1. I need the peptides 367-377, 294-304 ranked by packing, meaning the mean over residues of other C-beta atoms within 10 angstrom, with the highest value on top.
2. What is the angle, in °, between the Cα long axis of helix 64-73 and the longest principal axis of the Cα atoms in the chain? Nearest 10 is fine, range 0 to 90.
3. Direction-averaged shadow area of the convex hull around the Cα atoms of the range 290-356, nm²?
4. Among Val338, Ala328, Leu364, which residue has its Cα positioned farthest towards the positive end of the charge dipole of the range 309-385, with +1 placed on the Cβ of Lys and Arg, -1 on the Cβ of Asp and Glu, and the dipole taken about the Cα centre?
5. First check a/c for the range 34-158, with a ≥ b ≥ c the square roots of the eigenvalues of its C-alpha gyration tensor; if it is under 1.5, answer rounded, and if not, answer prolate when a/b is larger than b/c or oblate otherwise.
6. Give the long-range amide H neighbours of Leu265: residues separated by 5 or more places, or on another chain, with amide H under 5 Å away, using H modelled in the peptide plane at 1.01 Å from N.
7. Between rounded, prolate and oblate, where does the range 229-385 land on the alpha carbon gyration tensor, with a ≥ b ≥ c its root eigenvalues, rounded for a/c under 1.5, else prolate if a/b exceeds b/c?
8. Counting only residues 5 or more places away or on other chains, whose amide H sits under 5 Å from the amide H of His137 once H atoms are built in the peptide plane?
Amino acid sequence: MKRKLRMGMIGGGIDGFIGAVHRKVAWLDGGIELVSGAFSSDPKKSKDTGKELFLNMDRVYGSYKEMIAKEKTLPDDQRMDFVSIVTPNHFHFEPAKMALENGFHVIIDKPMTFNLDEAKKLKKVVEKTNLLLAVTHTYTGYPMVKEARNFIASKKLGKIRKVQVEYSQGWLSTFLEKSGQKQASWRTDPTKSGVGGAIGDIGTHAANLAEYVTGKNITEVCAMINIVVEGRLLDDDSSMLLKFEDGLTGSLIATQVAAGEENNLSIRVYGEKGGLEWHQEEPNSLIIKWIDKPRQIYRTGWDYLSLEAKNNFRTPSGHPEGYLEAFANIYKSFSEAVRQYDKNKKVQIEKYDFANVDDGVRGLAFIETVIKSSKSNQKWTKLIV
């Protein structure tokens, strides 16, 4: 397919945060154009957003149902190729299901759905339609995260023994949702966010990062969640022990009440021969720590890095690559899959480097297992997908 891919968007009104991010990163590599959208449940806000984005107003819709139905009737050389869903969690499942059932690929924010039951149902739809679904676990898009994954897969650290992952933010240290702040309001509302607050919002990113880098799935958790800010309806703080496949153990912290922290996602992995360390706020560096020789610092942009890392940076060494570029790498990988898609062949999803529907199901299973573990007097709770 030698043309730009045509993207439709559900959610992402002009006054929102994440929709604008998706539009920027989809555009970054020049291979995707936004052609249509149902940007709000309020038809007027959707139209206003379309005007701000200079879209053809015939392709700006009052609802996602109208968009999918009308786009399906357009000729092959005009209609959208895929849908980007950037709504709050409670509004993921139905649009994704309808898009897939009408022949459109889907890329969707995490967590993939509102709950695990919806996630399992959506997986069945993906399997039935044989279409593509990507979940935007942004942080796996960083080149040095891919270098870390390759370093471990190459056995350079020997057998992996310990994982420590932490995601600390401070933006919810006060009762921000009481002020009506949009992001705080829906993320702390169980009717929109689901059963998890911080654990659903950022804990899923931390868990996904640990599984991605190590190549091992979490099998059991021993968790404690907490509501620190009085009056809040969902967790804003959590700590837990983890068991992974092959006897690997670890720990995870996800908190949004660490006053003074910005977006401090960090991971440390230790093996027989040494360890590695990566920090999202200093993403160009991967620290390698050996048991018997000086530590090394690997940097983005250099030829000595693995092919996996080199395929995901865009600038020479010494030039910062950050959040938007990492996010764009998810879209780039998804776009490659869409371009190579053949409806007459079963999708070989393992070829592509993005979180798929199975990862989405694991994300919801993780959230619900953590909540279950925290409420239980039993030490360990199995993660059942």
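1. 367-377, 294-304
2. Helix 64-73 sits at roughly 60 degrees to that axis.
3. On the way: hull surface 27.0 nm².
Computing the convex hull of the Cα atoms and averaging its projections yields 6.7 nm².
4. Projecting each Cα onto the dipole axis, the largest value belongs to Leu364.
5. Details: a/c = 2.13, a/b = 1.79, b/c = 1.19.
Cα axes put the range 34-158 in the prolate bin.
6. Ser168, Gln280, Glu281
7. Working: a/c = 1.61, a/b = 1.19, b/c = 1.35.
Judged from the Cα gyration tensor, the range 229-385 comes out oblate (a/c at least 1.5, b/c at or above a/b).
8. Residues meeting the criterion, in which the H sits 1.01 Å from N, are Ala355.
The values are calculated or read from the model by the stated rules, or taken from the named source; none is laboratory data. Just so it is clear, the structure is predicted and the values come from calculations on it, not from any experiment. In this analysis, Cβ positions are derived from the backbone assuming ideal geometry, glycine residues included, and neighbour counts consider all displayed protein chains. Remember, those area values only see protein heavy atoms, side chains included, never the ligands or the DNA or RNA. Shrake-Rupley method; radii C 1.70, N 1.55, O 1.52, S 1.80 Å.
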